[in-house]
Amino acid sequence: AQSVTQLDSQVPVFEEAPVELRCNYSSSVSVYLFWYVQYPNQGLQLLLKYLSGSTLVKGINGFEAEFNKSQTSFHLRKPSVHISDTAEYFCAVSDYGGSQGNLIFGKGTKLSVKP
Amino acid sequence: EADIYQTPRYLVIGTGKKITLECSQTMGHDKMYWYQQDPGMELHLIHYSYGVNSTEKGDLSSESTVSRIRTEHFPLTLESARPSHTSQYLCASSEAGQVKSGELFFGEGSRLTVL
């Protein structure tokens, strides 16, 4: 069975500082990996995804993530955050060839950017 | 901007009432989903559908039911609401297929409070 662990429930940072949101997954098969963002009082939207190929993937709003198969990780990074990045971020995994292809989500990390 | 809509956004009702949460999408997506979201917890898949007349139960057992009579519409019903049903319910849709199934488009959510 797959699972996703987001190691930090809350991450406070100052504006213009770098940030890393950590995500580890557990799966016995190859996976697709996703990061979603949820702004206050809104639904989730796709930030970026890893399907295959280059392990460094770039998403919207200057975010990027690196797939590390040996460490089963998919950490999200941004070199300089803005106040508007304050939101909750969810890591998710989907397995190859799964009968449903449905996503398994982590518990989320609340990023709080302070001026 | 995603074209998926949920109503009502907020609902406060008494125990024992029947409620229906509406979800509609205009993207022609075959797959639709209902997730339950509670603070500090993973998003849990409670129902999904591959298309018209298809409904499946998700990973989390739920007393709610769903129907898919039209491609664009995927309502969720609780016959007799209880305080334990208090939660945020997120509707989502995606194209069919293994890869595309991971790229979900979410509505803004329906926050249900049962007194």
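The values are calculated or read from the model by the stated rules, or taken from the named source; none is laboratory data. Please read these numbers as outputs of a predicted model, since none were measured by experiment. Backbone-built Cβ (ideal geometry, glycine too); neighbour counts: all protein chains shown. We work out accessible area using only protein heavy atoms, side chains counted, and drop any ligands, DNA or RNA first. Shrake-Rupley method; radii C 1.70, N 1.55, O 1.52, S 1.80 Å.
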**Request:** With a 1.4 Å probe on protein heavy atoms only, work out how much accessible surface B and A bury together, total over both chains, in Å² to the nearest 100.
**Result:** 1900 Å²
**Prompt:** Based on the Cα coordinates of the protein assembly as shown, what is the per residue volume of their convex hull in Å³?
**Reply:** 119 Å³
**Prompt:** Over all distinct alpha-carbon pairs, what is the Kirkwood Rh of region A:10-115 in angstrom?
**Reply:** 14.1 Å
**Prompt:** Between A:VAL29 and B:SER67, what is the label-to-label distance in nm when each label sits 7 Å out along the Cα-to-Cβ direction?
**Reply:** 3.4 nm
**nm² value of the averaged projected area, convex hull over the Cα atoms of chain B** = 6.8 nm²
**Message:** I'd like the Karplus ³J(HN,Hα) series for region A:107-115: coefficients 6.51, -1.76, 1.60, θ = phi - 60°, whole numbers in Hz, and an x wherever there's a Gly or Pro.
**Reply:** 7, x, 10, 8, 9, 10, 9, 10, x
**Message:** Just to make sure I understand: if all protein chains stay in place, what is the order of A:ILE60, B:ILE4, B:ILE69 by accessible area at 1.4 Å, largest first?
**Reply:** B:ILE69, A:ILE60, B:ILE4
**Prompt:** To the nearest Å, what is the center-to-center distance of region A:25-39 and region B:21-64, using C-alpha atoms only?
**Reply:** 18 Å
**Asked** Which ³J(HN,Hα) values, rounded to whole Hz and listed in residue order, are derived for region A:42-57 from phi using the Karplus coefficients 6.51, -1.76 and 1.60 in 6.51 cos²θ - 1.76 cosθ + 1.60 with θ = phi - 60°, glycine and proline given as x?
**Response** 10, x, 7, 9, 5, 9, 6, 8, 10, 10, 5, x, 3, 7, 9, 10
**Asked** Can you list the equivalent-ellipsoid semi-axes of region A:36-78, largest first and in whole Å, using the square root of 5 times each Cα gyration tensor eigenvalue?
**Response** 22, 10, 9
